[in-house]
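The structure under discussion appears below in the form of C-alpha cells.
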Amino acid sequence: MSERGRILFHLDMNSFFASVEQAHDPSLKGKPVAVAGNPKERKGIIITCSYEARAYGVYTTMPVWEAKRKCPSLLFVTPTFERYRIASQAMFAILREYSDLVEPVSIDEGYVDVTSVVNGADAIDLAKTIQSRILRELDLPCSIGIAPNKFLAKMASGMKKPMGITVLRKRDVAHVLWPLDVEKMHGVGEKTANKLREHSIHTIGDLGRMTEKQASEVLGQHGEKLWRRAHGIDSRPVDPESVYERKSVGNSKTLSFDETSKPALLQHIEQLSGKVASRLKEKGYVGYGVHVQIRYHDWQNRSKSRTFKEPIYRQSDIEKHAKKLFLELWNLEPVRLVGVTVQQLKEPGEITEQLTFDSYQQVAKEEPVRNLVEELQKKYGKSSIQKGIRIRSKGSSSSFSKDFLNDHNKEE
Amino acid sequence: MKFEVMRDRLLEALNDVMKAVSSKTTVAILTGIKIEAKKEGIYLTGSDADITIQTFIPVEEDGEQIVQLTQTGSIVLQARFFNEIVRKLPTNDVLIEVKNGYQTDVRSGKSEFHLIGQDANDYPLLPQMEEDQSFTMPAELVKSIIRETVFAVSTSESRPVLTGVNWQIRDGELMCVATDSHRLARRSTKLENAPADEYNAVIPGKSLNELNKILEDNSEPVEIVLTSQQILFKAGNVLFYSRLLEGNYPDTSRLIPSEHKTLVVVNGRALHQAIDRASLLAREERNNVVRFTTQGQNAVEISSNSPEIGKVEEQVLAEQIEGEELVISFSAKYMMDALKAIEGHDVQIQFTGVMRPFILKSVHDDAILQLILPVRTY
C-alpha cells in the first residue's frame, strides 16, 4: 500500500478518566475534577483531570497537595477502573463499525485505517460523525487526527483538544511540525531529548535538517526512525493483531516513603517478582529479558535490563535476576519507586528451555501429567485439556492499564 | 649471547611457543619470549601465567648442524615483533647476538634488526615439577581424548571449575569428564603404565585446546607429569605446562542413568547429517532445537520448525528400536558435537524419558559416553 494513498485516524479520548466520571455523575460537569489514587496519602498524584482543572494549572502526575493549593475547589474522585474499561470497549466498538482495521494502543487511544472506507474529501465528515457519535452515545469528548500515516495522525490528534479534528498532510510537515520542540515529537522521551539537545537539536526542524546519517550517528537506529518521522515518513501499518502481541509484563510500586534500606528494597523486589510471575502464569507467557526500574527521591529514573538464553517465568528466576540487576543499578540514594518487568515475551509453542543437570529432576516430575494431557488430547482433541500454565487463575493482581488489552481478546 | 640458527627451525619452535603468549597479560614481561642459548641448544619460552610452553632447538640433530653457538647467554624479546621479523627474514640463516646490555641484533642476508631486549632474569622460572607421578600415552591418543571431551566444557565463568576437563586416574584407568551442565562428555582409557597413586585434577579447556594444536597426530610418546598445582606434557622437544583449576569437580557419576526405556541404534554419520540439515532452519541460538521421533521399529524422524522460516522433516533408518515410542527435542549442536566425538557408524542412544538425560555411545565399546539433556518445549 503506498504511503500517499492511506488515510489514517488517530483517536485520542480527552482526559478520559475524568470525562468518564463526569459522564457518570453529571453534577461534576463544568467543574474542576481530578482522578487521584488516594488523595489522602502523601504519595498521591493526579492520574488525570478535567479541562476545567487544567485551566487552574493542574496536570497529570502533579502531587495531590500541590493540586489542592493551585485549585482549592478541585473535586477529587478515586478511579473506578471497571467504568473506564466498559467505556473504552464501547468506544472501540463504535470505531469497528466503520473499519476492520482498528488498532487499540491503550485504553483511551487507537488508530483506524479508513483508506478503503472513504475517499480523501469525505474523511473529515467521517471523523465528525465518529466524534459526534461518541459524544452523543457515550457522553465523552475526543480528538481525531487525520493523516497518511500513524506518526502524523498521532501528532495531529494532539494539536486541538478537546473535541478537535485536525488534518496533517505530508506537505504541512515543514511549517506545522518543524517549529515545535523536539520533545513534542511522538517517540522522543526525556532521555532522547537530552541527547539531542547535547547536539544542539532543539526543534523537530533541527532534526529534519540533519542528514539521515547524522541522525543515526547521534541516536543509532532510533535516530534514523525519528529522522524519517521528522520528514513525515512512517510506513507502520494499522495492525489490529498488535494488541495481542504483548511485549512485556511488569509491575511497579511507589513506596510510601523514600526507602534506603537494602533488605526492605529487596523485599519489594521479591513481592513485585511474585506479582509478575503470577501475571505471566495467568497469561501463559514466558520472557527472555528482565528489566528493573528505579525512581529516586529526586524523580531521576534509572533502569537496567538483561537478556537470557533460557525462558524466564518462575518466580525464583525473576527474583534472582531482578535482585542482581537492582543491586548493580542502585546508587544507594533514597528510592521512591521500584519496578520489575519481564520482557521479550513469547507465545507458548514457540518456547523451548534447555534443561540442565541441576533443573531437570524438578521438571521431570511433571512428566506423568504431561503424558496424560497428551493422551487425552489425542483422544478428545487439542482443546479438551491444556497444561496448567495456560489456565487462567483468579485473584492474581494485575496492572489495570496494561491488562485492559485482554478485553479485545475476549471479544473474539 | 650469540648464535646462528636455521630460520625454519626457529620459526617452527616459535610457532609452538607463541600459543602461550597473550597480548592481554597483566604481567609486562610475559608479552616477551625468553631465548636461552646453552651448550646443548636453544630454549624458547612463552607463557601467559596459566600456560607455559618451552621448546628446544638442539645444536645437532641426526648428524645435521642446526645451531652454531658462539657464546651462551639469554634475553627476552617482544614476542609479537620477534615472531613477525623471523617470519619475514630474507634467508634461511639467522644470526642473533646480544650486545651492550640488552640490545639484540637479528641479522639475515642483508637485513639487520636492532631490538631492545629485556633482562632474562626478570622472566618467571618454569614451574617446579617433581617427576615421580607420571605416565605416557601416544600423541594421537592424547589428541583424541582431548577432542572427545573438551568441546563439552562450559564457556561461562559462573562455575569456573566447569570450564575445565576433569582427569581422574584410578585402578589403572584414566577417566576424563567435561560438562557445561547441559551435556556431558566422558572418555575412559586403560593406561599401560599408570602411576601408583590416584590422581584427580581439572585442566582448563583452553590449555587442552592449545595442546591439541601443538601435538602431532602420530604415535610418538607423550610423557605426562602430574602435581597438585600443575600438569606437564612432554612431547619431543616441547614442554607444555598448564595450571590446574581450583575447586572440586562435581561427582557426575550419579547423573548417568543406569536403565533406559527406549533404545535406538542408528548410523551415527547419517544421523549427524540429517540433524545438520534440520538445523538449517533453526540456526538461531535460542531455537537451535530439533525433534526426534521414533517411527515403528526401524526409522526415526528428525524435524524442525521455525515459525517465521518454515519446517523440515527427514527420515533416518534405524538398525534397531526397542522399548517405548518417543518424541523428544534437543539442541542440534549438542547432538552433533556428541556424534562427532563418537565418530563410529553404529551409535546406540538410550532414552529414559523426554525430560531426562539420554546416553550416546558406540555399539562396540564403552570408552566414550556422551550424555545430553533434552530441551523442554511448551
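The values are calculated or read from the model by the stated rules, or taken from the named source; none is laboratory data. In this text the structure is predicted, and so the values were computed from the model without any measurement. In this analysis, Cβ positions are derived from the backbone assuming ideal geometry, glycine residues included, and neighbour counts consider all displayed protein chains. Just the protein is used for accessible areas: all its heavy atoms, side chains included, with ligands, DNA and RNA removed. Shrake-Rupley method; radii C 1.70, N 1.55, O 1.52, S 1.80 Å.
For helix B:205-214, report the angle its Cα long axis makes with the longest principal axis of the Cα atoms of chain B; keep it between 0 and 90° and round to the nearest 10°. The angle comes out at about 60 degrees. What fraction, in whole percent, of alpha-carbon pairs in segment B:256-372 exceed 17 Å separation? Tail of the P(r) past 17 Å holds 51 percent of the pairs. List the residues of segment B:349-374 that lose 50 Å² or more of accessible area once all protein chains are present, compared with their chain alone (1.4 Å probe, heavy atoms only, no ligands or nucleic acids). So the qualifying set is B:MET355, B:ARG356, B:LEU373. Each Lys and Arg contributes +1 and each Asp and Glu -1, all at the Cβ; summed about the Cα centre of segment A:178-230, the dipole is approximately 120 debye.
Over the Cα atoms of segment B:57-132, the radius of gyration divided by the Kirkwood radius equals 1.03; this is the Rg/Rh ratio.
Here, segment A:282-324 is characterised by an Rg to Rh ratio of 1.06, where Rg is the alpha-carbon radius of gyration and Rh the Kirkwood radius. Take the Cα radius of gyration of segment B:2-122 and divide it by 2.2 N^0.38 Å, N being the number of residues; the result is 0.99. Just name one of A:VAL35, A:ASN14, A:MET91: the one whose Cα is farthest towards the positive end of the charge dipole of segment A:1-144 (beta-carbon charges, Lys/Arg +1, Asp/Glu -1). Going by the charge dipole, the pick is A:VAL35. Counting only heavy atoms of the protein chains and using a 1.4 Å probe, A:SER132 has close to 50 Å² of accessible surface.
How tilted is helix B:139-149 with respect to the longest principal axis of chain B? Cα atoms for both, answer in degrees (0 to 90, nearest 10). Roughly 50 degrees, rounded to the nearest 10.
Put simply, the amide H of B:ASP346, placed in the peptide plane, has neighbours under 5 Å in B:GLY268, B:VAL363, leaving out anything fewer than 5 places away on its chain. In Å² (nearest 100), what accessible area is buried between A and B, both sides summed, heavy protein atoms only, 1.4 Å probe? By this definition, chains A and B bury close to 2500 Å².
Taking label positions 7 Å along the Cα-Cβ direction at both B:ASP105 and A:LEU135, the computed distance is 10.0 nm, reported to one decimal.
Over the whole of B:327-336, what's the average partner chain Cβ count within 10 Å per residue? Rounded to a whole number, please. Please report the intermediate quantities before stating the final value.
Numbers: counts 1, 0, 3, 3, 2, 0, 0, 1, 0, 0.
Shielding by partners across B:327-336 averages 1.
Phi angles of segment B:111-122 translate, via the Karplus equation with coefficients 6.51, -1.76, 1.60 and θ = phi - 60°, into HN-Hα couplings of 8, 9, 9, 10, 9, 8, x, 10, 5, 5, 5, 7 Hz per residue; Gly and Pro are given as x.
Sorting B:HIS182, A:HIS175 by accessible area puts them as A:HIS175, B:HIS182; the probe is 1.4 Å, largest comes first, and only protein heavy atoms count. With contacts taken as Cα pairs under 8 Å at a separation of at least 6 residues, segment B:12-126 carries a relative contact order of 22 percent. Under a 5 Å amide H cut-off, with hydrogens placed 1.01 Å from N, B:GLN133 pairs with B:LEU226 among residues at least 5 apart or on other chains. Any idea what angle helix B:332-342 forms with the longest principal axis of chain B, computed on alpha-carbon atoms, 0 to 90 degrees, nearest 10? Taking Cα atoms only, the helix is inclined about 70 degrees.
Over segment B:134-243, the fraction of Cα-Cα pairs per 10 Å bin, rounded to whole percents and listed from the shortest bin up, is 15, 50, 31, 4. Backbone phi angles across segment B:256-271, fed through the Karplus curve with coefficients 6.51, -1.76 and 1.60 (θ = phi - 60°), yield HN-Hα couplings of 8, x, 9, 10, 9, 9, 9, 10, 10, 10, 8, 5, x, 5, 5, 5 Hz in residue order; Gly and Pro are listed as x.
May I have the convex hull volume per residue, in Å³, for the Cα set of segment A:1-168? Intermediate values should be presented prior to the final figure.
Working: hull volume 18.0 nm³, N = 168.
Once divided by residue count, the hull of segment A:1-168 is 107 Å³.
The relative contact order of segment B:40-196 comes to 12 percent, based on Cα pairs under 8 Å that sit 6 or more residues apart.
Share of carbon and sulfur in the accessible area of chain B stands at 44%, probe radius 1.4 Å.
Phi-derived couplings, Karplus 6.51 cos²θ - 1.76 cosθ + 1.60 at θ = phi - 60°, listed residue by residue for segment A:271-278: 4, 4, 4, x, 5, 4, 4, 6 Hz, with x used for Gly and Pro. Quotient of the Cα radius of gyration of segment A:120-188 and 2.2 N^0.38 Å, N being its number of residues: 1.17. Surface calculation, 1.4 Å probe, protein heavy atoms: B:LEU162 sits at approximately 10 Å² accessible. Database remark: amide H of B:VAL165 closer than 5 angstrom to the amide H of B:ILE203, B:GLY205 (H placed geometrically; neighbours at sequence offset of 5 or more, or on other chains; Pro and chain starts carry no H). Please give the Cα centre distance for segment A:43-89 versus segment B:1-61, rounded to the nearest Å. About 78 Å separates the Cα centre of segment A:43-89 from the one of segment B:1-61. Per the Debye calculation on segment A:246-343 with a single equal scatterer at every Cα and no solvent contribution, log₁₀ I(q)/I(0) for q = 0.22, 0.23 Å⁻¹ amounts to -1.04, -1.12. The Cα trace of the protein assembly as shown gives Rg and Dmax of 35.6, 114 Å, the first to one decimal, the second as a whole number. Computed with a 1.4 Å probe over protein heavy atoms only, the accessible surface of segment A:1-168 comes to 44 Å² per residue. Around the Cα centre of chain B, unit charges on the Cβ atoms of Lys, Arg, Asp and Glu (plus for the first two, minus for the last two) sum to a dipole of about 1220 debye.
Cross-link partners for A:LYS68 among the aspartates and glutamates, with Cα-Cα distance under 15 Å and sequence neighbours closer than 8 places in the same chain left out: A:GLU41, A:GLU52. Ordered by 1.4 Å accessible area with all protein chains kept, B:VAL76, B:VAL289 run largest first as B:VAL289, B:VAL76.
Could you report segment B:207-296's accessible area per residue, 1.4 Å probe, as an integer in Å²?
Accessible area per residue: 50 Å².
Over segment A:246-343, what percent of the accessible surface lies on carbon and sulfur atoms, probe 1.4 Å? Mind showing how you got there, number by number?
Working: 2050 of 4330 Å².
That share works out to 47 percent.
Estimated at the nearest 10 Å², the accessible area of A:GLU82 is 100 Å² with a 1.4 Å probe.
Charging the Cβ of each Asp and Glu at -1 and of each Lys and Arg at +1, and nothing else, the dipole of the protein assembly as shown about its Cα centre rounds to 4540 debye. Contact-buried residues of segment A:282-310, at a threshold of 20 Å² lost accessible area versus the chain by itself: A:TYR288, A:LYS309 (1.4 Å probe; DNA, RNA and ligands ignored). Toward the positive end of the charge dipole of segment B:296-357, with +1 on the Cβ of Lys and Arg and -1 on the Cβ of Asp and Glu, the farthest Cα among B:VAL312, B:VAL300, B:TYR334 is that of B:TYR334. Length gained on full extension, B:GLU173 to B:SER219, computed as 0.36 nm times the residue gap minus the Cα-Cα distance: 14.6 nm.
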